[in-house]
Amino acid sequence: MKVLAIESTCDETAAAVVESLAGGVRVVKSVVASSVEMHEKYGGIVPEVAAREQIKSILPVIFEALGGEEVDGVAVSYGPGLMGSLLVGVETAKVLAWAWRKPLWRVNHMAAHVLANWIIEKTQKLKNSKTQKIEVPELPAVGLVVSGGHTDLILLESLTNWTWIGGTRDDAAGEAFDKAARLLELPYPGGPEMDKAASQVTDEAWKANKNLFKLPRPMIHDPGLDLSFSGIKAAVARMVESKEFREWIPDQVGDDTNVDELRKNILAREFSEAVTEVLVKKTLMAVKQYFPRSVVVAGGVAANKGLRETLRGEVEKTGVGFFVPELKYCGDNAAMVGAAAILRPVESGLDLRPEPSLGVV
Ligand code: KG4
Ligand code: ZN
C-alpha cells in the first residue's frame, strides 16, 4: 500500500509518499518546507504568517513528493496544531481524496511523531548497538513524547491500544528549551540553538562550574510519572539576572575567550543536563513499572544530542530495545503521517475538520 501524506499543523508544510514494509514503512519521498525564518524576528510563531505560508507551499510540496507516483489514498494530520495551518492541509487532502476517488485517512500529529519510530531506513541498523537486529520496535513499548507543545509518557500495548501514563503538569520540554533560549538571548527556534550552545562546552568545563550554575531537577525524586518544566525555566530567569552569573569569569581565561558566550554555553549545557536527567529518570521508572520490550522517543526534542545519547545508554543497560527516529523524522514531517496512516489507519469522511487541541491518546 502506498499513501500520500500531508502535514501542515504548524510552521512546516510537508508531503511524503510512504509504503508499507515488513511491519513498518519505507519512505519513497519526503519533502519539508518551513516558514521558521519568517518567525525569527518575532521570537515565536505568528499563526497568521504560518497559515499564509502553508497556502503558498502546499501544492509545490505535494507535487514534489508525488513525482509520478500513483497512491492508494491520502493521509493528513488533523490536529493538534494551529487552526489556520491545519485547515490548509486538511482541505487540500479532502480535495485530492475526492478528485481521485481514494480513501482519506485522518492522523493525530502526536501519534504520528511516535510512529516515526517505525520508519525503516538502512542506517537504523546501528553498528555496536544492542538493538542491531531489530528493525522496528517490539511491543509493548513505553513512549516518551517530547515536542514543543507536549511532553507525555505513554504505554503502547499494540499499535492501536495506547494509554497515557504520565506527563508534564505545566510547560512542555520543547517550550522550556525555547523559553530558556530566549532568556539567554539565543535566536529562535531556541531548542536547536540551546543544543548547539551546550555542545560547545566540554565535560570538564561543565563539571568545574556546575555548582555555580546549578538548576533544579523538578519532581525527579517524586514517585509518580509526572513532570514539570516551568521551575527550571524560572530558575534560568533568576540565574541570568544574578550578580554571580553576570560577574562570573572562568578559572583560565585565554586572550581569545569570549566570557559572555562561555557563560551562556555553560548554562545551556546545565539546562540540557537538567531536562535530560529528569526525562531519563522518569522513562526508566516507566520501564520498571510496565516491563516494555522497547522504549520509543518522539517529537522535536528527540533531536537533542544529549537526550538521545544519554537515554540510549541508560535504556540499553536495562536490556530493553531503544528507538529514536533519525533527525530528519524527529521534527515535523509528513513521512511520520504516512507511517501512522499505514500502521494505525482511521478512515475519515470528507466532512473532516481540524482539531487543534487533540491529545496524544
Ligand atoms: O515536534 P516539533 O517539531 O513540533 C511540535 O509538534 O511541537 O517540536 C518542536 C520543538 C521546539 O520546541 C524546538 O525548540 C524543539 O522541539 N527542538 C529541540 C531540538 N530541536 C527541536 N529541543 C532541544 N534540542 C534540539 N536539538
Ligand atoms: Zn510536531
* **Cross-chain or 6+ apart pairs with Cβ under 7 Å, the stretch 103-120 first and farther than 12 Å from LEU358 by Cα, then part of a strand (DSSP E or B) and within 12 Å of ligand 2 (Cβ to nearest atom)** => ALA112/SER77; HIS113/VAL145; HIS113/ALA298; VAL114/VAL145; VAL114/ALA298; ALA116/ALA298; ASN117/ALA298
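Restricting to the stretch 290-305, name every residue that is within 16 Å of ligand 1 (Cβ to nearest atom) and surrounded by fewer than 18 Cβ atoms within 10 Å (Cβ to Cβ).
LYS305, the sole residue that qualifies.
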* Tell me which of these SER357 doesn't satisfy, since it passes every other one: (1) within 24 Å of ASP226 (Cα to Cα); (2) surrounded by 15 or more Cβ atoms within 10 Å (Cβ to Cβ); (3) modelled with pLDDT of 95 or more. => (2)
* Asked: Could you list, in sequence order, the residues of the stretch 1-43 that are in a strand (DSSP E or B), open to solvent by 50 Å² or more (accessible area, probe 1.4 Å) and free of Cβ contacts under 8 Å to residues at least 40 places away in the same chain?
  -> SER34
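Can you find a residue that is within 28 Å of GLY321 (Cβ to Cβ) and part of a helix (DSSP H, G or I) anywhere in the stretch 87-109? Please lay out each step first, then the result.
Keep residues of the stretch 87-109 that are within 28 Å of GLY321 (Cβ to Cβ), which gives 105, 107-109.
Okay, now just the ones that are also part of a helix (DSSP H, G or I), so 109.
Scanning the stretch 87-109 turns up at least one residue that is within 28 Å of GLY321 (Cβ to Cβ) and part of a helix (DSSP H, G or I).
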* Asked: If ASP203 satisfies every condition in (1) over 22 Å from the mean Cα position of the chain (by Cα); (2) within 15 Å of ligand 1 (Cβ to nearest atom) but one, which is the exception?
  -> (2)
* Which residue out of VAL320, VAL287, VAL240 is within 24 Å of LEU186 (Cβ to Cβ) and more than 16 Å from ligand 1 (Cβ to nearest atom)? -> VAL240
* Asked: If you scan the stretch 82-104, which residues turn out to be loosely packed, with under 15 Cβ neighbours inside 10 Å and touching a helix residue (DSSP H, G or I) at 6+ places or on another chain (Cβ under 7 Å)?
  -> none
* To do: Pull up the stretch 168-204, narrow it to residues that are aliphatic (A, V, I, L, M) and open to solvent by 20 Å² or more (accessible area, probe 1.4 Å), then point me to the one that is nearest to ligand 2 (Cβ to nearest atom).
  => LEU186
* Which one is farthest from THR151 (Cα to Cα) among residues in the stretch 176-192 that are among the charged types (D, E, K, R) and in a helix (DSSP H, G or I)? -> ARG182
* Asked: What do you reckon, is SER77 at pLDDT 95 or above, polar (S, T, N, Q), in a helix (DSSP H, G or I) and open to solvent by less than 40 Å² (accessible area, probe 1.4 Å)?
  -> no
* How many residues does the stretch 246-302 contain that are hydrophobic (A, V, I, L, M, F, W, C) and either in a loop (DSSP other than H, G, I, E, B) or within 16 Å of ligand 2 (Cβ to nearest atom) (or both)? -> 9
* Any idea how many residues of the stretch 309-342 are in a helix (DSSP H, G or I) and crowded, with 19+ Cβ neighbours inside 10 Å? -> 12
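The values are calculated or read from the model by the stated rules, or taken from the named source; none is laboratory data. Every value quoted in this text rests on a predicted model; they were computed, and no experiment measured them. Glycine also receives a Cβ, built like all others from the backbone with ideal geometry; neighbour counts cover every protein chain displayed. These accessible areas exclude ligands, DNA and RNA; they are computed on the full protein's heavy atoms, side chains included. Shrake-Rupley method; radii C 1.70, N 1.55, O 1.52, S 1.80 Å.
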